[in-house]
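Engineer: So that we are looking at the same thing, I have put the structure below in structure tokens.
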Amino acid sequence: MAGRGHPRDGTGKWCQMGLNERQMTTEDGSVEAAAPRPARILEVNRLVHTFGDFTALNDVSLSANSREFVTLLGPSGSGKSTLLRILAGLELPTRVDALILDGHDVADVPANRRNVATVFQHYGLFPHLNVLENVEYGLRVRKVAKAERRQRALRMLEQVQLADFAHRNIAKLSGGQKQRVALARSLVLEPVILLLDEPLGALDEKLRIDMQVELLQLQRSLGMTFIYVTHSQEEALTMSDRILLMNQGRIVQEGTPEDMFDRPASRFAASFMGMENMFEAVVAEVGPETITVTADGVTFSGIWAAKGAPAAGDRVCCAFRSEKVRIAGDGAPEPGLNRIEGSLESRIYKGKYLDITYRTAIGPLRMREWDAHAVTDEAVRIEWRASQTILFPANEQ
Ligand SMILES: Nc1ncnc2c1ncn2[C@@H]1O[C@H](COP(=O)(O)OP(=O)(O)OP(=O)(O)O)[C@@H](O)[C@H]1O
């Protein structure tokens, strides 16, 4: 990419003082101010990608801002990796209206001329090179002088807490350490965007959780834009500024982690974001804040999560989380609470909590109970808040 302000050889080096206030040291040691980097670092408009007659990406548009952590979240086969490979230039899109990176349209620019770097699940390190040589490799290809590339590689190894391992053989590293080397090797090139394809997928759970925090700290301290692919909603919720939820080659919803967790706007999104209770109902009344619905003769209230507004008589889907359900007291329900009678159907011990299913007039309802002693075998009334009940059209997947 003829990226504005990004030298592709060893004649100068951009110092990241924050992505909008950069300077460049030239060969004679003078310092030049760089053009400010645009706040919007990536813009993709109407991307379509096909493999033969199979459409892997269908009318996908997205953007990323400078310093933003954007996650592509979705089930296997939803098109996340294909999208990432197109951003990296490893795959040329079948059709795209615009693919703007750092102010330039790079739709036809090959991978080695785009100022992005990619980290994959399986590291892709060179086994015959030690840690430092692996991190230096990209700078060597770019013909950066030896002293400078060594200094930059060591500085990056410090950032990923591997300075003491600089001369270690790659084969003698743990999975987490290998992934840190892979990160350092990409970051040392100072790309405008780092693309990460399930980078923690090969690590065990404890290490994955530690590395999530480390990755986030690294992204914040470098002030870099990360585009991160995962199928784990927990990983996406922990790290992202913004989540793009993908299904069958489309971005079906996007928002902050809070938006995505609290207000999934379709059956697919609700189910993927872990809403255990979901049932169909008919709109009875549309109020200013809540909407009243009926299902099998029972009346509930909820809030509308999808675009537009429903009308009385529309078929909708209601969803709420099992951890929001609790056993009701004896008195009349407080305003803003939905309530229903239930009888115990099953309970599953999960260590820290119990997953309990109650048989009710609208079907089985799940409740997560943290106090194992609170559960009795008797019939109960269970309740949950209208404000935590989301509604969306029943006819959209
Ligand atoms: N080279 C290819 N040739 C044909 N079909 C492909 C090719 N690459 C990907 N696909 C198909 O495109 C769809 C999207 O694949 P992609 O790898 O992008 O999904 P994903 O969301 O990253 O899945 P996973 O999480 O399993 O990696 C899948 O149905 C896949 O089989």
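The values are calculated or read from the model by the stated rules, or taken from the named source; none is laboratory data. As the structure is a prediction and not an experimental result, all values here were calculated from the model. Cβ sites come from the backbone with ideal geometry, for glycine too, and all protein chains shown count toward neighbours.
Engineer: Filtering segment 126-160 down to residues that are out of contact with any Phe, Trp or Tyr (no Cβ under 9 Å at 6 or more places or on another chain) and part of a loop (DSSP other than H, G, I, E, B), which residue is farthest from A202 (Cα to Cα)?
Structural biologist: In this case the residue turns out to be A145.
Engineer: Which strands (runs of 3 or more DSSP E) does segment 279-346 wholly contain that include 3 or more residues that are in contact (Cβ under 8 Å) with a residue 60 or more places away in the chain and crowded, with 20+ Cβ neighbours inside 10 Å? Give the derivation first.
Structural biologist: Working: elements: 291-295, 298-304, 315-320.
Answer list for segment 279-346: 298-304, 315-320.
Engineer: What number goes with the only condition from (1) surrounded by fewer than 24 Cβ atoms within 10 Å (Cβ to Cβ); (2) under 17 Å from G124 (Cβ atoms); (3) more than 16 Å from the ligand (Cβ to nearest atom) that F165 does not pass?
Structural biologist: Here F165 meets the rest and fails (2).
Engineer: Checking the conditions here, which among E280, E323, E334 is assigned by TED's automatic domain parsing to the domain that holds I362, modelled with pLDDT under 95, under 30 Å from the mean Cα position of the chain (by Cα) and of a type in the set (D, E)?
Structural biologist: Working: E280 fails: modelled with pLDDT under 95; E334 fails: under 30 Å from the mean Cα position of the chain (by Cα).
After ruling out the rest, the residue left standing is E323.
Engineer: Now for a different question. Could you list, in sequence order, all residues of segment 77-94 that are more than 11 Å from V60 (Cβ to Cβ) and of a type in the set (K, R)?
Structural biologist: R85
Engineer: For the structure I just gave you, tell me whether D262 is surrounded by fewer than 16 Cβ atoms within 10 Å (Cβ to Cβ) and either under 23 Å from R385 (Cβ atoms) or modelled with pLDDT of 95 or more (or both). I'd like the intermediate steps shown before the answer.
Structural biologist: Details: surrounded by fewer than 16 Cβ atoms within 10 Å (Cβ to Cβ): no; either under 23 Å from R385 (Cβ atoms) or modelled with pLDDT of 95 or more (or both): yes.
No; evaluated as a whole, the condition is false for this residue.
Engineer: For D210, indicate whether it is more than 16 Å from the ligand (Cβ to nearest atom), part of a helix (DSSP H, G or I) and out of contact with any helix residue (DSSP H, G or I) (no Cβ under 8 Å at 6 or more places or on another chain).
Structural biologist: Working: more than 16 Å from the ligand (Cβ to nearest atom): yes; part of a helix (DSSP H, G or I): yes; out of contact with any helix residue (DSSP H, G or I) (no Cβ under 8 Å at 6 or more places or on another chain): no.
No; evaluated as a whole, the condition is false for this residue.
Engineer: Return the pairs, sorted by first residue and then second, in which the second residue is among the aromatic types (F, W, Y), the first residue lies in segment 69-85 and is more than 8 Å from the ligand (Cβ to nearest atom), the beta carbons are less than 6 Å apart, and the residues are 6+ apart or on different chains.
Structural biologist: F69/F226; T71/Y228
Engineer: Name the pairs whose Cβ atoms lie under 7 Å apart, with the first residue in segment 209-237 and without any contact (Cβ under 8 Å) to a residue 60 or more places away in the chain, the second part of a helix (DSSP H, G or I) and within 16 Å of the ligand (Cβ to nearest atom), and 6 or more positions between them or separate chains?
Structural biologist: Going by the 7 Å Cβ cut-off, the qualifying pairs are Q212/E235.
Engineer: Just for segment 51-68: of the residues that are within 12 Å of the ligand (Cβ to nearest atom) and within 22 Å of T230 (Cβ to Cβ), which one is surrounded by the fewest Cβ atoms within 10 Å (Cβ to Cβ)?
Structural biologist: The extreme case among them is N58.
Engineer: Name the residues in segment 347-358 that are part of a strand (DSSP E or B) and surrounded by 15 or more Cβ atoms within 10 Å (Cβ to Cβ), would you? Walk me through it before giving the result.
Structural biologist: Here is the first cut: in segment 347-358, the ones part of a strand (DSSP E or B) are 347-349, 354-358.
Those that are part of a strand (DSSP E or B) and surrounded by 15 or more Cβ atoms within 10 Å (Cβ to Cβ): R347, L354, D355, I356, T357, Y358.
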